[in-house]
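Report on the following structure.
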Amino acid sequence: MSGLSPDAIRSDPLSSLARFPILEKGFIRDNPDSLMCETASRLVRQHTSGSTGMPLSFYRDAHSLGASLATTQLALGWAGVERGERRVRLWSPRTDAASGRWLRRFADRLHDRVLLDTYLMTDETIREHLRIIGARPVAALEGYPAALEEISRFAERHGLELPKPRVVISAGSNLYDHMRVRIEESYGAPVFDEYGNMEVGLVSSECGRHRGMHVMGETTILEVVDAEGQPVEPGVVGELVATNLWQESMPFIRYRMGDRGSMSEDRCDCGRPYPLVGGVVGRSGQSFVRKDGTLIIPDVLTNIIAGESEIPDVRKFQVVQEAHDHIVVRFIPERGTEGIPSALRDKITARISEIMHAPCRVDFVVEDRIETAPSGKYFYAVSKVTVGTPDW
């Protein structure tokens, strides 16, 4: 960054941005105070569940949260959903601090939003979800594509009527073509795909043309970079890094998202000025499987380690289902620590057995490194029991 001055940034911001270093999750964990603005106030602590294998705590201010809500509403508007219309979301348990959970619950009631927990996809919970979704007309049904698909398959197996929302919004993991087709046919509604994360918010979303996801240009700059952190040409696959323009108290500049993708060379004929994401590679989560066939969203297992246990001495981890009753937790401890103390291992084992509805053998394996897939994606959860092949 030698020679990079405020005047240079103002005169050519995009070229100047490429001279900033890539912001890594590990740096944020090790140096949180170095990113905090001295005048920061009224902060809300947030905590990721480790969807890229490394949990993270960070802070956002009211200014940033307001911009995030506005961006979400903008994307909903593209899908034809107005402010205050009923939305039902199929999502994983929250890992926010108590203040963040209170704020979210208040906002849910204010905006007529319902959060349905996908922690356990049992017959009982799916039936209850269907009852709640169908209680009143739904403008937007949102959630993990795997959860949306599983509920549609359950309704089909049991001859139940599937609620018909006006639109379906897919987020949180890859939406494959066959999943889009099934979801649209089952729910009788168009699917709008979204991409983002808790750290920087909503990054891109589809419009009604469905030609790709528009970068949310009012709040985010999205780059695709090579191994040296330099931007690549449209159509070339590289690392996705995002800059949030509204997080002033704890700026995330050129933050590595943990995904690979590309920018499209095309422009959408909708007339919006925002560029299109060509594709996101490898954002795949495999559902874990109980002996009775019940699917467990991968976030459930990772949340036991990253969210419920809040282990400060684990740098990275990966949860692997070897069999219905055999789970392996691979982890890299912080230097000079044991990572997961024995008492906590017993607690995690008991919790996993509870989730899997059977006594489980849980092995904890210390690793020097946990390899990425050939695609470049880090898999936080791998099930060797799930039918089908992973997106390696």
Please work out if R330 is over 21 Å from F379 (Cα atoms) and modelled with pLDDT of 85 or more. no
Within region 231-238, is there a residue that is surrounded by 19 or more Cβ atoms within 10 Å (Cβ to Cβ), in contact (Cβ under 8 Å) with a residue 60 or more places away in the chain and assigned by TED's automatic domain parsing to the domain that holds A79? no
Among the residues of region 124-135, is any crowded, with 16+ Cβ neighbours inside 10 Å and under 17 Å from the mean Cα position of the chain (by Cα)? no
Could you figure out which of (1) among the charged types (D, E, K, R); (2) surrounded by 13 or more Cβ atoms within 10 Å (Cβ to Cβ); (3) farther than 13 Å from E184 by Cα isn't true of R157? (2)
Just one of I151, I183 is over 25 Å from S262 (Cβ atoms), of a type outside the set (G, A, S) and either in the same structural domain as Y274 (by TED's automatic domain parsing) or surrounded by fewer than 15 Cβ atoms within 10 Å (Cβ to Cβ) (or both); which is it? I151
Looking only at region 311-323, count how many residues are outside any strand (DSSP E or B) and either surrounded by fewer than 17 Cβ atoms within 10 Å (Cβ to Cβ) or touching a His at 6+ places or on another chain (Cβ under 7 Å) (or both). 2
List every residue pair whose Cβ atoms lie under 8 Å apart, where the two residues are 6 or more positions apart in sequence or sit on different chains, the first residue falls within region 166-184 and is over 21 Å from I133 (Cα atoms), and the second residue, located anywhere, is of a type in the set (F, W, Y) and buried (at least 18 other Cβ atoms within 10 Å of the Cβ). S173/Y144
Taking into account only those residues within region 82-102 that are within 20 Å of Y195 (Cβ to Cβ) and touching a Phe, Trp or Tyr at 6+ places or on another chain (Cβ under 9 Å), which is modelled with the lowest pLDDT? S92
For residues in region 71-92 being part of a helix (DSSP H, G or I) and in contact (Cβ under 8 Å) with a residue 12 or more places away in the chain, which is farthest from R113 (Cα to Cα)? W78
Of the residues R254, R283, R290, R260, which is at pLDDT 95 or above and charged (D, E, K, R)? R254
Residue pairs meeting the criteria (Cβ under 9 Å; at least 6 apart or on separate chains; first assigned by TED's automatic domain parsing to the domain that holds V224 and closer than 14 Å to G229 by Cα, in region 240-268; second aromatic (F, W, Y) and part of a loop (DSSP other than H, G, I, E, B)): A242/F252; T243/F20; T243/F252; I253/F20; R254/F20; G258/Y378
Find the residue count for region 1-50, including only residues that are surrounded by 11 or more Cβ atoms within 10 Å (Cβ to Cβ), of a type in the set (D, E, K, R) and assigned to a helix (DSSP H, G or I). 3
Restricting the search to region 159-179, which residues are out of contact with any strand residue (DSSP E or B) (no Cβ under 6 Å at 6 or more places or on another chain) and either over 19 Å from L120 (Cβ atoms) or modelled with pLDDT of 90 or more (or both)? G159, L160, E161, L162, P163, K164, R166, N174, Y176, D177, H178, M179
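The values are calculated or read from the model by the stated rules, or taken from the named source; none is laboratory data. A quick note: this is a predicted structure, and the numbers were derived from the prediction, not measured. Every residue, glycine among them, receives a Cβ derived from its backbone with ideal geometry; neighbour counts consider all protein chains shown.
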